[in-house]
1. Accessible area per residue, 1.4 Å probe, Å², for segment 444-515: what's the number?
2. Could you work out what % of the accessible surface of segment 406-518 is carbon and sulfur, using a 1.4 angstrom probe and leaving DNA, RNA and ligands out of the count?
3. For Ala480, what residues show an amide H to amide H distance below 5 Å, using hydrogens built from the backbone and excluding near sequence neighbours?
4. With a probe of 1.4 Å, find how much accessible area segment 53-125 has per residue, and write the answer as a whole number in Å².
5. Can you give me the % of accessible surface on segment 270-402 that is carbon or sulfur? Probe 1.4 Å, all protein chains present, nothing else counted.
Amino acid sequence: MGIRAMSFPIPSARETRPLATGGGEPPDSGAAYLLVMEGDSSWRFTLPDEGTVLVGRDETADLRLKDESVSRRHARILVTEEGARVVDLGSHNGTSVNGRQVEGAHLLLSGDVLSFGGVVAVVRARVRLVAVRRTLESERLMVHLREEVDRALRYGRPLSVLVLALPDSVSASRESVEALLTAEAGPAEAVGWLDAAHLLCVLPEVSGEPGEEGFGERVEALLAACPRARLGTAACPTDGCDADTLVAVARTAAQAAKPGRAAAAAEGATRLDLAGRSVLVADPAMSQLYALLRRLAASELPVLVCGETGVGKENAAFAVHHWSRRGTGPFIAVNCAALPEGLVESELFGNEKGAFTGATTSRAGLLESAQGGTVFLDEVGELPPSAQAKLLRALEVRRITRVGDTRERPIDLRVVAATHRDLEAEVAAGRFRQDLYFRLGAATVLLPPLRERPREVPLLARDFLARACLALGRQELVLASDTLHALSRHAWPGNVRELRNLMDYVAAAVAGDVVEPHHLPPRMMGRKGTAPVPAGAEPAPEAGRAVAVASAGARPPLAQELRELERRRMLEALEASDGVQTKAAALIGMPIRTFSFKLKQLGVQVRPGRRGPEDE
């Protein structure tokens, strides 16, 4: 799809800059914000702790947009102690949340996709948007879900959530669904409406496994009550370790489902195949950003990708190249930070024989090598001033001059640049040319850090671990529930790259079949120094390297000893009951749902056909 011919001002780098690159917490780390995608760029708008935000094209608007599809006074976002809500102000093109028009004050949750006319904004919060108050039905429901998530993680119990998305004509559907729930809802279930079209069911002690007793019946009954609805499921901790993430995951899965069908959390994720590169996308903000990159690819605009180190900027740049008309041409990646200081211009523009000491032959530069394709200037903020001036001229006249030559050579390429720096601050400090910043930032895309994409952490961890195990030729490992919880709480300063390196290490170092928390670095468990390592276990990596093994007399963590005892008792019960899970669970006094859930979490393989009474 082509890009509409619109003129938008280049957003301030202070709005588009990535979160802090140092060791401290990022600015506004606890604040809710909107990741706004307008025209060719994306940026962040921080929401106040309390107050009103006017959205529109009016000069007095707090969130001022330029798109002509946005009314002058389009909508208001109300942030109070009771939560955040959006209200449409009678706009011409309307306001929608997750594809549905807003009527009245609509409660906002982290991961919601807002549309103001043709402008998209994704809600993101590192703290809850809904206060812990028992006032509105949806708020009470979220409070209950948070309590259940805490219980499930603390005691290792299964928990599932269902989100039922009703069709457009919802009144009759709501009545039939409510009648069903009144008649059949179990005593442990918590059910309520997130909004006019989305029903949330909280199912404690349910793992959500296919064929699980009671789970399939509940799904079928809900879809039978509203045959054109879509249903999404998510489980804790497999798909998320906090309430907002679980709701967002189940809602995304419901959107991916066909009418009258249910979809699991994995079906809400998208795997992008980019000419051999595989990119897994599940977070709503990332889905919207890659859709923006696909639109930008149709043009010849330079694209500036902003984000922290390791966040996936090169994948975003390659996506622009792959989806463009230059996709069959070369993609030349240049790490500007790694170019030798005295050879930057030679590397970029090439050199003639004898141009300097050591130049024994004539050589084309990286820009010239990208003819007909795309050049990716990674960490472009590290270029020295002299190279910046030559790069600007090359991009403007589309010609380069090799070092030691006087002839100009034509170049036909597209530029995608990336940086983790605040380029506007670099311009103000005189370290980066303003005209080059404007030239490279015609379209600016901000990639959120991994810590703000909690849905993708378990997905990426399992995906990276499976690939690493395959490369090593070993059986696939299982991430224990406590390990998933630890991964979800980590701040990921190294982002996706840090997670991938960790899974590579785990695949190589862990001797057993299950990755336990003690296999992770001490920094991820809130520990300082070296953690005690159980006998036979491998040490965890620290900052990309293995840490020293603790003293030989160190004892394993108590939680690990209890988990090993539980695993041993369950295996003994399975052996005594000839593999029949219902009998095994009864022998040790454990509910069958919990027994089956823990078998999966502990990585225990059970013989097919030995799950319940039907096998007796």
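1. Using a 1.4 Å probe on heavy atoms only, each residue of segment 444-515 averages 35 Å².
2. Heavy-atom surface of segment 406-518 belonging to carbon and sulfur, 1.4 Å probe: 51 percent.
3. Amide H neighbours of Ala480, under 5 Å, 5+ apart: Val515.
4. For segment 53-125, the per-residue accessible area is 38 Å².
5. 50 percent
The values are calculated or read from the model by the stated rules, or taken from the named source; none is laboratory data. Just so it is clear, the model here is predicted, and its values are computed rather than measured. When the accessible area is computed, the model is the full protein with side chains, heavy atoms only, and any ligands, DNA or RNA have been set aside. Shrake-Rupley method; radii C 1.70, N 1.55, O 1.52, S 1.80 Å.
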